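The structure appears right after this line, and notes come after that.
The values are calculated or read from the model by the stated rules, or taken from the named source; none is laboratory data. If you're wondering where the values come from, they're calculated on a predicted model, not measured in any experiment. Neighbour counts are summed over all protein chains in view; Cβ atoms, including those assigned to glycine, are modelled from backbone coordinates with ideal geometry.
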């Protein structure tokens, strides 16, 4: 049994009972039976049902947004945007999955030969709390359109979201076993990974969780996709519009209260504009309204859990002790709820917690660079490699830099985001495999060669 806490009020939301062994076995058997049926459903019908899921999401947008606010502190407007993004992604894969998975003819000495893409079966998804709907739908929409079925272990602090997602698919008309949620301990999750009914695993989470899941999946020789942490560099070159980019930087750092793997975290700024950038960004951070996520004026809600707030505060303290300069913020807000001041640290460099570790909250680290090459060196001086952004008027220079930056995605003059049309994932300690786009839908299929003479 686990207890959930409202991060705004610190009031308990009620206990969640973990599944018993018999409940887990029954869920696995239903998923296996569901796959036997679902794989035979035609692509057009799958698409119709997936568009139905999009319709349910849009119908229930307000309810789902309030649920996210209550369970993990997401401001209402951000929650509404998340629901719409999930619905749009359902529509996208409903429209494009057939083309992505169409047979591909290959000329050989055979009468005819081709590649086909067949579903693997039950995909076990271990998902985090920070985008409690989006993280699930960006796996589920392509996986189900490919003919797989989904079994979800969601983060323990968002059980209502887990149940709501299952309900969305059920009300859209997906049959029994096509998608289900299970409430498990980490030990039980390891047993599910090992179960022969499960054919593949996908995880979005921490490095620690990634190592554990990769080890369990590897021991069972099962396909796994890992989307882990990030310490994304936000590179500002000397020809950028400092005023505009610095204000954008504050937004980039505080998306979802800074609790995002692809939020900008290390702001690598050319030394010639660093002072102005720091001044404008700090002003923008201090102007953000922190408060109740149910208040539409709120820009930054509470952190999702007390332990996360305490860890972030420890990282700030260690960074300052190591030589970072506190520009603004730097402490928990003295009120009910897990609120932390939007914070800017300057004079940050390698060896400091704010540079070396992932800061999962509204804390920005400003790092100065001397040149383009120095910016790339600092960007790559991280064990993470998820996303990066470059801000400059010189597009040719930015695209050359993009080729040298060790990250799964590089955005030029734009905030890093996931998009159903583009592959999403990282390198180094940010994980491996890809979600979304044609690359993502083909992660959980059998790429099968057929040769006929």
Does at least one position in the range 418-436 carry a residue that is in contact (Cβ under 8 Å) with a residue 24 or more places away in the chain, within 17 Å of the chain's Cα centre (by Cα) and under 27 Å from residue 272 (Cα atoms)? no
Residue 53 being within 30 Å of residue 298 (Cβ to Cβ) and either modelled with pLDDT of 95 or more or touching a strand residue (DSSP E or B) at 6+ places or on another chain (Cβ under 7 Å) (or both): yes
Is there a residue being free of Cβ contacts under 8 Å to residues at least 12 places away in the same chain and either in the same structural domain as residue 65 (by TED's automatic domain parsing) or crowded, with 21+ Cβ neighbours inside 10 Å (or both) anywhere in the range 147-163? no
For residues that are touching a residue at least 24 places away in the same chain (Cβ under 8 Å) and surrounded by fewer than 23 Cβ atoms within 10 Å (Cβ to Cβ), tally how many sit in the range 64-81. 6
Here's a check for you: in the range 380-396, which residue that is out of contact with any helix residue (DSSP H, G or I) (no Cβ under 8 Å at 6 or more places or on another chain) and part of a strand (DSSP E or B) is surrounded by the fewest Cβ atoms within 10 Å (Cβ to Cβ)? 385
Do you know which of the residues in the range 97-117 that are in contact (Cβ under 8 Å) with a residue 60 or more places away in the chain and in a helix (DSSP H, G or I) is surrounded by the most Cβ atoms within 10 Å (Cβ to Cβ)? 97
Residues that are part of a strand (DSSP E or B) and in contact (Cβ under 8 Å) with a residue 40 or more places away in the chain, drawn from the range 306-329: 327, 328
Hey, any hits in the range 359-369 for a residue that's surrounded by fewer than 24 Cβ atoms within 10 Å (Cβ to Cβ), touching a residue at least 12 places away in the same chain (Cβ under 8 Å) and in a loop (DSSP other than H, G, I, E, B)? no
Taking into account only those residues within the range 31-47 that are touching a helix residue (DSSP H, G or I) at 6+ places or on another chain (Cβ under 9 Å) and closer than 24 Å to residue 132 by Cα, which is surrounded by the fewest Cβ atoms within 10 Å (Cβ to Cβ)? 47
When you scan the range 67-77, how many residues do you find that are closer than 20 Å to residue 309 by Cα and in a helix (DSSP H, G or I)? 5
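Each row is one residue, and each column tells you yes or no for (1) surrounded by fewer than 18 Cβ atoms within 10 Å (Cβ to Cβ); (2) under 30 Å from residue 3 (Cβ atoms); (3) in contact (Cβ under 8 Å) with a residue 12 or more places away in the chain; (4) in contact with a strand residue (DSSP E or B) (Cβ under 7 Å, 6 or more places away or on another chain).
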position	(1), (2), (3), (4)
217	no, yes, yes, yes
237	no, no, yes, yes
247	yes, no, yes, no
294	yes, yes, yes, no
301	no, yes, yes, no
304	no, yes, yes, no
Among the residues that make up the range 271-287, is at least one of them within 24 Å of the chain's Cα centre (by Cα), part of a helix (DSSP H, G or I) and either assigned by TED's automatic domain parsing to the domain that holds residue 335 or under 28 Å from residue 75 (Cα atoms) (or both)? yes
Among the residues of the range 171-194, the number that are in a loop (DSSP other than H, G, I, E, B), touching a helix residue (DSSP H, G or I) at 6+ places or on another chain (Cβ under 6 Å) and surrounded by 17 or more Cβ atoms within 10 Å (Cβ to Cβ) is 4
Condition broken by residue 15, with the remaining ones in (1) outside any loop (DSSP other than H, G, I, E, B); (2) at pLDDT 95 or above; (3) more than 25 Å from the chain's Cα centre (by Cα) satisfied: (2)
Please specify each residue of the range 332-345 satisfying the condition of being surrounded by fewer than 22 Cβ atoms within 10 Å (Cβ to Cβ) and touching a helix residue (DSSP H, G or I) at 6+ places or on another chain (Cβ under 7 Å). 332
Might you let me know whether the range 123-135 holds any residue that is more than 19 Å from residue 229 (Cβ to Cβ), in contact (Cβ under 8 Å) with a residue 40 or more places away in the chain and touching a strand residue (DSSP E or B) at 6+ places or on another chain (Cβ under 9 Å)? yes
Would you confirm whether any residue within the range 22-29 is part of a loop (DSSP other than H, G, I, E, B), farther than 20 Å from residue 139 by Cα and either at pLDDT 95 or above or in contact with a strand residue (DSSP E or B) (Cβ under 8 Å, 6 or more places away or on another chain) (or both)? no
